[in-house]
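To start, the structure itself, in structure tokens.
No lab work stands behind these numbers, since they all come straight from the coordinates. Not measured: the values here are computed from a predicted model. Note that each Cβ is placed from the backbone with ideal geometry, even for glycine, and that neighbours are counted across all protein chains shown.
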Amino acid sequence: MSKIRSQQQTSAEKDDDLISRLPDDIVVEVINRLGNITEAARTSVLSSRWRDLWTFSNNLNLDPPKNICKSLEEIRESRPNYINWVHKVLELHRASTINIFRIHYDLYHPHTDVLTNWIHKAISKRGGVQHFELRLNLQGADKYPKYIFPQECYDILKSPHHDHGLSFISSLKSLSLTDVNITGEILHFFVYKCPLLERLRVAHSCAPEFALRIVGPSIRLKYIEFDCCFSIREVEISVPSLLSFKFYGSDIISLKVGNVPQLVDVSIGGNCNARLKNYIEPIINYLPQLHTLEFRLLLYSHPTDDSEFPFCELPNLRHLIFWVGGNDDHSLLGLTRMIQACPSPGEVYTEDEMGKRLALVMLVLSMVVMGWANASEYAASRPQDTYASSPQDAYGAGTGASANQQGAKTASPHHDPYTELRPSAGDMWKTLVKN
Amino acid sequence: MAIMYALKSSDNEIFEVEQKVIEQSETIKKMIEDGAATGEIPLQVSSKTLAKVLEWCKQRQHKTVENENDDNKGKRKKERDEDDDIKEWENKFSDELKADKDVLFDLLLASNYLDLPALLSFLCQLVADMVAGKMPEEIRRMFNIENDFTPEEEKAITAEHGWAFQP
């Protein structure tokens, strides 16, 4: 930061342009913090001094303005505008070190050329990119094939003779890909070759099936999330620095969890056509250390066997969350073993539209959780046409006080921007939260 | 016994400050380490602004010391309470600065000059929050920015970023 200018200037210029007292790098620092490049570009019209300052911003969050994302029609109509605008921004942009690079729009395989061109531009930044995100679904309703992470960019990245690829690899701290198909080879390349990578999130990727293996003492990952990646059915995780592991897949054949002494936040789920055991057993060894444990299970074609839920100790648990989809003949009494193992009383409530069948299952559950259930929360979110005659009948009378005290708490106290995706399959979700 | 230093503002007011508090400023820390800080340390910062700087540094110092003294027992609840306290203090600090933009911008310059990265980053965020979501005319009014573009130039720039200017 330039100190000379700041020393010379005094507060004597009372009614003057306040910001003009500041050196450029502080103004750029303000622009960096505006959140996205739309806001940043808007400052170019303020005065001639501001004209080009935004092009030095290290924040290339290319979110579209909120008001154009209202309907699918608008999204389709504005797509050429978005593409032109991103082109222009990347053309004008001059900062060589990027903190955030984020593309967010409904873009698909037909847009391969533009997307690959943009990734090229990001890779070409001399000072690298710390947080790289492609989020190619705004509403995601168009049924085009998905974009495939480009082989040509991968070739640049893995080439030892390419300086830019090297600075991208050596500065990357977080990688997040949504609705981008990425092969196992490229994914494992990022995992093993990026020395600073702390956060990895892949969602809705349908690459050819591969076994995911993230194992090694030199890996620095703290957060790993795979959401709706149905092509991964074998998983092995052993990362000493790992804090959070979230995996939502389908019919997992094997899930191995190795050396993860710091793991405190786990979310596991998927369509359990195979054995529920495959989802639960691998994490049993880690239960005593967990702070947050979430199951997102679809049990439609899975016969319930209560014994698959373990008797366990959960002394450190702060949040226990179940999302369960099943048929009305499913008994979920096995869940109570885990609920009872929690150290402190909490709340129960539901999310999503519930049909009649869910109300039946909720009644069964309410027997179990009576005494600490948050009746008012449940009542507020319960549709009118359920079987239960009234929440008071279901829960008894003694819960009002705690409900009032805790009524403001939310479903996912640990919620972060990376967990907004929820399973959409199935018409009857229920959630139990011990908080 | 804490070591005290005397800071002299640009309008010759003296502030007696503990070394630990003022060492958060990399600039002053270097002066002390180099032995250049004997007697009064003269600073190119007005007394009004320096008072604000010290208010910030004392609050930060207070927080660090308390954390060091904590044992693990009951730490979580205490941390939560402390976070609330700090949030409240920061809100009050921000509100005062928003009301007096002269001090806000002098403080920005002072935090840059004194090399106080945490304060600089806090203030940049504060200004960014004031700017975010506003149309250019509002931003100009807020900070007395003179529009030196001709109407044609302004129109051309607005057209260049078409949809960035949608309200």
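Secondary-structure-derived ellipticity at 222 nm for chain B, considering helices only, amounts to -20000 deg cm²/dmol, per-run term -39500 (n - 2.57) for DSSP H runs with n ≥ 4.
Taking the C-alpha atoms only, the angle from helix B:151-160 to the longest principal axis of chain B is near 80 degrees. When only Cα pairs below 8 angstrom with a gap of at least 6 residues are kept, region A:65-194 shows a relative contact order of 25 percent. Dipole size of region A:141-230 about its Cα centre, with +1 on Lys/Arg Cβ and -1 on Asp/Glu Cβ: approximately 320 debye, rounded to the nearest 20. Across region A:176-330, the relative contact order, built from alpha-carbon pairs under 8 Å that are at least six residues apart, equals 15 percent.
For region A:76-157, the C-alpha radius of gyration divided by 2.2 N^0.38 Å, with N the number of residues, is 1.10. Of the listed pairs A:K173/B:K87; B:K8/B:K92; A:K146/B:K155, which have alpha-carbon separations greater than 31 Å here? As for pairs spanning more than 31 Å Cα to Cα, those are A:K146/B:K155. Starting from the coordinates of the alpha-carbon atoms of region A:214-272, obtain the Kirkwood hydrodynamic radius over all distinct pairs and give the value in Å to one decimal. Here the Kirkwood hydrodynamic radius works out to 11.5 Å.
Remark: region A:197-273 carries a charge dipole of roughly 220 debye about the Cα centre, counting +1 on each Lys and Arg Cβ and -1 on each Asp and Glu Cβ. Each peptide in B:44-51, B:130-137, B:145-152, B:99-106 was scored by the mean count of other Cβ atoms within 10 Å over its residues; highest first, the order is B:44-51, B:99-106, B:130-137, B:145-152. The angle separating the long axis of helix B:75-99 from the principal Cα axis of greatest extent in chain B is about 50 degrees. Count Lys and Arg as plus one, Asp and Glu as minus one, and take only other residues whose Cβ is under 10 Å from that of A:R33; the net charge is then -3. Shape descriptor for region A:170-252: Rg over Rh equals 0.92 (Cα atoms; Rh from the Kirkwood inverse mean 1/r). The relative contact order of region A:139-210, computed from alpha carbon pairs under 8 Å that lie at least 6 residues apart in sequence, is 33 percent. Taking the number of Cβ atoms within 10 Å of each Cβ as an exposure proxy, the fewest-first ranking of A:H319, A:H161, A:H87 is A:H161, A:H87, A:H319.
About its Cα centre, the dipole of chain B is roughly 440 debye, where the only charges are +1 on Lys and Arg Cβ and -1 on Asp and Glu Cβ.
The alpha-carbon atoms of region A:55-203, seen along their principal axes, cover 44, 35, 25 angstrom, with the largest extent given first. Result for chain B in a Gaussian network model with C-alpha springs under 10 Å: among B:D95, B:D115, B:D81, the largest mean-square fluctuation is at B:D81.
Counting neighbouring Cβ atoms within 10 Å and putting the fewest first, the residues A:E152, A:E133 line up as A:E152, A:E133.
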